[in-house]
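Report on the following structure.
The values are calculated or read from the model by the stated rules, or taken from the named source; none is laboratory data. All of these numbers come straight from a predicted model, not from anything done at the bench. Cβ coordinates were reconstructed from backbone atoms using ideal geometry, including for glycine residues, and neighbour counts include every protein chain displayed.
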Amino acid sequence: MTPVQPDPSSLPSKMHSSKRQISRREFLQYSSALGLAVTVSSSLAACAPQVPTAVTPADSAAPVSLAEIIYGYGAEAVTLDMADAIDGPSQDVTDNLHEGLLEMSADGEILPALAESWQLQDDGLTWTFFLRSDVQFHDGTPFNAEAVKFNFDRVMDEALGHANRGQWAPHISEVRVVDEYTVEIVTFAPYASLGLKLADSFGKLMNSPAAVAEQGPDYGRNPVGTGPFMFESWSPGEHIVLARNPNYWRAGPGVETLRFRPISEGSVRLLAIEGGDIQVINQVPAQSLAMLRENAQVQVQQKTITRLFYWAFNHTKDAWKDPMVRKALNHAIDRQSIVDNILFSVGEVAASFVSPSVPSSVSLSDYQYDPELARSLLEEAGYDFDYVATCYATEGRYYQDRQVAEAIQGMLAQVGIQLNLEILEWGAFVDAIWFTPADDPVAQARDFMQTSFGSNDPPTWMNQTLHTNAWPLDGFNEAFYSNAQVDSLIDDANRTADVEAQSEIVRTIQGELEADPPWIISHFEQAVIAHSANLTGLFIWPSGRVNFREVRSI
């Protein structure tokens, strides 16, 4: 057997509803893979031993010095069942309730979590995980190999139709119990990204088998994990309340209650933290950052992440079938102005489809801001300037999302594109985009939709957002993009275990996307949070979400 170790030096540097249970649809190929620290060579036999990272045992639990922390976040969760949680606001909460076999550090390194160590067998397909023996679920159910198998079997069961089935079913052949604290995950083919997937938010799959059986379809509103906080209550539109887990296997947080309060308007979140009504906010309004940094009662954290903000064309509509038209609209966008004047430098101009922090990123040579060229290309393509296009957008979900959408709307107007901007509530947006097939009137009513996506594992996210097989309801290809050459290259990249060979394929894919653009690209995002200055131990995961596990009062 070949031991596997996180080795960041050998890998790319670190780097997406109505209020209803999501259980009828499967999203194939979706995962926000974050930072890979498990490298598999072409021979799958060149890895050093995994060395577990020390953790603080539960018997040295941190003192509880805070009664409550209120987190004002931009959009409300949809479900707290990790078999179904596909969106960031849901994972804002579930990341503090649930855990996985592996986890991500703030710097993107893969670390042991519920698995103390792991090994890859010589067949290149069988991954053996050695589990902690001192963990239990919040309801007292033991965490063991049977629980691991139960959760993977559950999420991959086609009959159950869980939204995250596509994360795992295309890759995992079976999960086998070896003994009480040893489990094997067997993949269909060599799969270099398995470590990434297990360590990101989508890998935090461990739900209590007893609670799942007891709650049935209501489990998404009554979750039971192994994490530092336990679910207490959910008042839709008002708050989700979590309580400190007194039996957590690590030291755990220094606060009794963590309350998530959805606040879509950035100005309202800002006033609330300045007034001391809440202690943590995300999506700090960019124009207020300088002022907030001068406030001694508040601390600001800002972190670069690898998510690309873009507008997806609806490729099934005649208006956008010509690549020349799609290139023209990319020339119409002044990305530098968006970053400078809308984001106040909280972001980076997108000169690529892949974050420049990833070695396989290729700078685009053909997307410079040139409105005169954009207008000329539209005229040459015979674009119908009387056509009124519609874009579905959000407010409070992405950083300065409404403001960026309005800026892009204005830039497109300058080259003759008439655009109707529809701002949807987050739950309605999720339903309209990722739970609506191409032939649905709701999908056909839009010409664009805005979102952000990306990671330092391009083969995975490209498979999820660009492959023909990933059209909703089977994935996150909300553009309904279909390019046979891109599909073939993505398949090759995901079947390749050699990292450099995989990177070369990703570079080739970017060239294909430049010639046949699926989106209007804008910028790479940064995560910005603000919290009361008396709090310490908060950090931002590479996903942009906040880790409250080690929060303390100074």
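Run down 301, 368, 287, 336 and say which single residue is at pLDDT below 90 and not small (Gly, Ala, Ser).
Working: 301 fails: at pLDDT below 90; 368 fails: at pLDDT below 90; 336 fails: at pLDDT below 90.
Step by step, each of 301, 368, 287, 336 is checked, and only 287 is at pLDDT below 90 and not small (Gly, Ala, Ser).
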Original post:
Applying the selection to segment 504-554, what residues are surrounded by fewer than 20 Cβ atoms within 10 Å (Cβ to Cβ), assigned by TED's automatic domain parsing to the domain that holds residue 322 and of a type in the set (Ser, Thr, Tyr)?
Top reply: 508
Original post:
How about segment 396-410: which of its residues are under 28 Å from residue 470 (Cα atoms) and either modelled with pLDDT of 95 or more or in a helix (DSSP H, G or I) (or both)?
Top reply: 401, 402, 404, 405, 408, 409
Subject >> Test: residue in segment 127-146 that is touching a helix residue (DSSP H, G or I) at 6+ places or on another chain (Cβ under 8 Å) and among the small types (Gly, Ala, Ser) >> reply: no
**OP:** Would you check which residues across segment 354-393 are within 17 Å of residue 451 (Cα to Cα), crowded, with 20+ Cβ neighbours inside 10 Å, touching a strand residue (DSSP E or B) at 6+ places or on another chain (Cβ under 7 Å) and not small (Gly, Ala, Ser) and list them?
**Re:** 391, 392
Original post:
If you take the residues in segment 155-170 that are out of contact with any helix residue (DSSP H, G or I) (no Cβ under 7 Å at 6 or more places or on another chain) and crowded, with 16+ Cβ neighbours inside 10 Å, which one is modelled with the lowest pLDDT?
Top reply: 166
Original post:
Looking at residue 261, is it touching a strand residue (DSSP E or B) at 6+ places or on another chain (Cβ under 9 Å), closer than 21 Å to residue 396 by Cβ and either in a helix (DSSP H, G or I) or in the same structural domain as residue 338 (by TED's automatic domain parsing) (or both)?
Top reply: no
Original post:
For segment 484-502, does any single residue satisfy the condition of being closer than 27 Å to residue 189 by Cα, polar (S, T, N, Q), in contact with a helix residue (DSSP H, G or I) (Cβ under 9 Å, 6 or more places away or on another chain) and at pLDDT 95 or above?
Top reply: yes
Original post:
Tell me, which helices (runs of 4 or more DSSP H) lie completely within segment 447-531 with 2 or more residues that are touching a strand residue (DSSP E or B) at 6+ places or on another chain (Cβ under 9 Å)?
Top reply: 458-465
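Among what's in segment 267-326 and is part of a strand (DSSP E or B) and in contact with a helix residue (DSSP H, G or I) (Cβ under 6 Å, 6 or more places away or on another chain), pick the residue that is surrounded by the most Cβ atoms within 10 Å (Cβ to Cβ). So that I can check it myself, show each step before the final result.
Of segment 267-326, the ones part of a strand (DSSP E or B) are 280-282, 298-313.
If we keep only those that are in contact with a helix residue (DSSP H, G or I) (Cβ under 6 Å, 6 or more places away or on another chain) as well, we get 281, 298, 300, 313.
Working: 281: 28, 298: 20, 300: 15, 313: 26.
Only one residue tops the list, namely 281.
Does residue 345 qualify as being surrounded by fewer than 17 Cβ atoms within 10 Å (Cβ to Cβ), in a loop (DSSP other than H, G, I, E, B) and on the phi > 0 side of the Ramachandran plot?
Yes, satisfied.
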**OP:** Spot the failing condition for residue 92; the list is (1) farther than 29 Å from residue 240 by Cβ; (2) not in a loop (DSSP other than H, G, I, E, B), and only one is missed.
**Re:** (1)
Subject >> Where a residue in segment 130-143 is within 20 Å of residue 179 (Cβ to Cβ) and its partner, wherever it lies, is β-branched (Val, Ile, Thr) and in a loop (DSSP other than H, G, I, E, B), with Cβ under 6 Å and at least six apart >> reply: 135/226; 137/224; 137/226; 143/135; 143/226
Original post:
For segment 174-195, does any single residue satisfy the condition of being of a type in the set (Phe, Trp, Tyr) and part of a helix (DSSP H, G or I)?
Top reply: no
Subject >> First in segment 412-433 and assigned by TED's automatic domain parsing to the domain that holds residue 314, second anywhere and surrounded by 23 or more Cβ atoms within 10 Å (Cβ to Cβ) and β-branched (Val, Ile, Thr), Cβ under 7 Å, 6 or more apart >> reply: 423/394; 424/394; 426/394; 427/78; 429/394; 430/78
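Can you go through 224, 148 and tell me which one is out of contact with any Cys (no Cβ under 7 Å at 6 or more places or on another chain), surrounded by 23 or more Cβ atoms within 10 Å (Cβ to Cβ) and in a helix (DSSP H, G or I)? Reasoning before the result, please.
Values: 224 fails: in a helix (DSSP H, G or I).
Matching residue, one of 224, 148: 148.
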**OP:** Would you point out which residue out of 432, 413, 443 is modelled with pLDDT of 90 or more, under 29 Å from residue 489 (Cβ atoms) and assigned to a helix (DSSP H, G or I)?
**Re:** 443
**OP:** Mind counting the residues in segment 227-257 that are within 22 Å of residue 116 (Cβ to Cβ), surrounded by fewer than 22 Cβ atoms within 10 Å (Cβ to Cβ), modelled with pLDDT under 95 and out of contact with any Ser or Thr (no Cβ under 8 Å at 6 or more places or on another chain)?
**Re:** 0
